[in-house]
Each structure stands twice: as structure tokens, then as C-alpha cells.
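As C-alpha cells, the structure follows; a few thoughts come after it.
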Amino acid sequence: MGDWHTHHERVAQPSSIDITSIRECVTKSEHMLNAFVLIVVGTATVPDCLSVIIHDGRQRLTLIPQRSTDKDTDPSSHVPTRRRWI
């Protein structure tokens, strides 16, 4: 549950209006979720264009893409994972 939209900039950053909006969505709507997700997409390529935030109504957590290494594999399939979000 959340919101996404685009910004006309290479690396999208949520504005103060975006942060206020997602906070209000969490606090003013009726739901049983712990948090909402806000994704803002810029014009660069993925994952550099993305800004991903989880907001619980009180605080926000910004997720940062972590590039995979040779050690990053799925043990059940032996397929390398491309990117993880931390």
C-alpha cells in the first residue's frame, strides 16, 4: 500500500510535500498496516532513478539499492541476485 509518481530529475528525491503526503496517508486512513511505501522515479536508469521510502506515520526509512557481489546468490537456485534493497 502506498504511492508512486515521477519527478523530472535524474535521481529522484521525495519533496517535503511527498513526505507530508505519505505520512498523512498512513495516519489518516483506516488500515491495519505497519507502514506505507513511497516510490519516486527519476529519469536515470534503474536502480539509480529510484527513491524508495517506507513511512509508518512517525518516521521514515529510506531504502538504498545495494549492488550484488559474486557472493550474492540464491542458494536454492544458484542464480545470482541482481540487486538487493537494504
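Selection within region 43-58: residues that are crowded, with 18+ Cβ neighbours inside 10 Å and not hydrophobic (A, V, I, L, M, F, W, C). The member of this set that is nearest to HIS7 (Cα to Cα) is SER51. State the number of residues belonging to region 1-32 that are outside any loop (DSSP other than H, G, I, E, B) and farther than 16 Å from ILE54 by Cβ. Adding up the residues that qualify gives 5. Of all residues in region 6-35, none that is in contact (Cβ under 8 Å) with a residue 12 or more places away in the chain has its Cβ atom under 7 Å from the Cβ atom of a residue that is surrounded by fewer than 11 Cβ atoms within 10 Å (Cβ to Cβ) and polar (S, T, N, Q), 6 or more apart or on another chain.
When region 2-25 is examined, which residues are found to be surrounded by 14 or more Cβ atoms within 10 Å (Cβ to Cβ) and among the polar types (S, T, N, Q)? So that I can check it myself, show each step before the final result.
Going residue by residue through region 2-25, those that are surrounded by 14 or more Cβ atoms within 10 Å (Cβ to Cβ) are 2-3, 7, 12, 14, 18-19, 21-23, 25.
Result: SER21, single match.
The set of residues in region 34-67 that are part of a loop (DSSP other than H, G, I, E, B) and either hydrophobic (A, V, I, L, M, F, W, C) or in contact with a Pro (Cβ under 7 Å, 6 or more places away or on another chain) (or both) comprises ALA35, ALA44, VAL46, PRO47, CYS49, ILE64.
Here, each number is a calculation from the coordinates, and none is a lab measurement. Given the structure is predicted, the values throughout are model-derived calculations rather than measurements. Ideal geometry is used to build each Cβ from the backbone, glycine not excepted, and the neighbour counts take in all protein chains shown.
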